[in-house]
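The values are calculated or read from the model by the stated rules, or taken from the named source; none is laboratory data. These numbers come from a predicted model, not from an experiment. Here the Cβ positions follow ideal geometry from the backbone for every residue, glycine too, while neighbour counts run over all protein chains shown. Note: accessible area is taken over every heavy atom of the protein model, side chains too, but ligands, DNA and RNA are not part of it. Shrake-Rupley method; radii C 1.70, N 1.55, O 1.52, S 1.80 Å.
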Amino acid sequence: MIPMIILLLPIFITVSVTIIAAYFDLKKGIIPNKLTLFLFVFGIAINSLFSIFFHDSSYVLNSIIISIITFLLCYILWKIKLWAGGDVKLLTAITAAIYQAPNILNFQFLDLQFPLIAIYPFPLTLIFNSILISFPFLIIFLVFNSYIHHFKTKKSKYSKILNLNVLKSKILVNKLNHDKLLDYFSLKNKNKNYMYKYMDLMDRDNIKTRFKNYKNVILKKIMFSLFFSVVFLVFTGIYSNIYYSLYFLSFSILFSLISSFLFKLIKNFKNFIKIASNKEIAIFNLNEGMIIGNLNIIIDKNYNKSFNKLIHGLDNNKSNINIKKINYEKSNEKQLKYTLSSSTAAGLTLYDISFIKKLFNNDFIHETVPIKIGIPFAPSIAIAFLITIFIGDLCLLLLKLLNNILNHLQII
């Protein structure tokens, strides 16, 4: 009989490897291939040992088949740029070592038996758990990166704000000519925009105007919802009941304001994700594996032939970038607009970096390009694997909790 320590060895090794992979992904932004290869070979080897000992070839066959299926599923996620190549290899290696849900600890909590095992295969549970875990981790990571970026730029902004305070005091105390002060400030600080922004924020009349505009928007929304609510009440005949009419009008106004607030909140959140997940980097600091964001390229029609010559010379077998022509309001006049972006989560190749440098040397792009910040997904996989072992399928848990809440509400 195989000792219990040998049966638990795949779980122990897999947990250790996923934690190490999470560390490397956080520290260096990459999961070492040697690490995932070790786990994959170990998984096939240990399951081969189980097949020999138990005289059952299903152990090693399931290990190979399930890992192949996992790779194909994760490959799709890699193609749609949800995961990086290292994450695909790590999940494939995990399922090679543990191809079915381990049931090492059973306990009951809130009338539920844990771990919760879904009807679909174990790899899907691991993938679903990883995606669910990644959302809070993604927000934390982006907020942290945004804070670090803000902290790094704080000193330079602080010095500029000090200069603005000095300039504002000159305006208030000395009552100097506004245009002369702007010229003085632009010569001294080489950036007139900071002056305009600061004075715009400090202008009381401007603040009053903004508040007035915001108040007008709210009044328009209220009037708009009242108009359509009254039309609805008249056509349905509900207006005869004063109680229901007032209730409906109040609900429509509240719904209009809340939905407007939520829409603006979602829009601001999308903008935050877009800004926090990108950064500008100098072309000559580009490295292999970096993912280019949407880089807009505006070409004068007189130089479009030389630009097209560069594009047609791009070898798609060596390149991971896309260049597409897009509609542009000035495209019918003198300019054409293109967008350059990474085609896969594998990021830039050395060939791509050389091509981007050619674009810069020919004055088609500026000296910096937007780079997507690599979101480390290995920590989510490590946490998801631990949750899968002790709690089980999170999707199934959420469904069961929701079902219990609904049943409780029906009883009340």
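In table form, for the structure just shown:
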| quantity | calculated |
| --- | --- |
| Evaluated at q = 0.16, 0.21 Å⁻¹: base-10 log I(q)/I(0), Debye formula over Cα of region 63-136 | -0.62, -0.95 |
| Proximal charge balance of ALA382 [Cβ under 12 Å; K/R count +1, D/E count -1] | -2 |
| Accessible area of LEU396 in the full protein assembly, 1.4 Å probe (Å², nearest 10) | 50 |
| Neighbourhood net charge (14 Å Cβ-Cβ; Lys/Arg +1, Asp/Glu -1) for ASN285 | -1 |
| Length added when fully stretched, SER245-LYS279, from 0.36 nm per residue minus Cα-Cα | 7.0 nm |
| Cα centroid separation, region 37-91 to region 338-412 (Å) | 22 |
| 13 Å beta-carbon shell around ILE131, net charge (K/R +1, D/E -1) | -2 |
| Mean projected area in nm² (Cα convex hull; one quarter of hull surface) for region 281-374 | 5.8 |
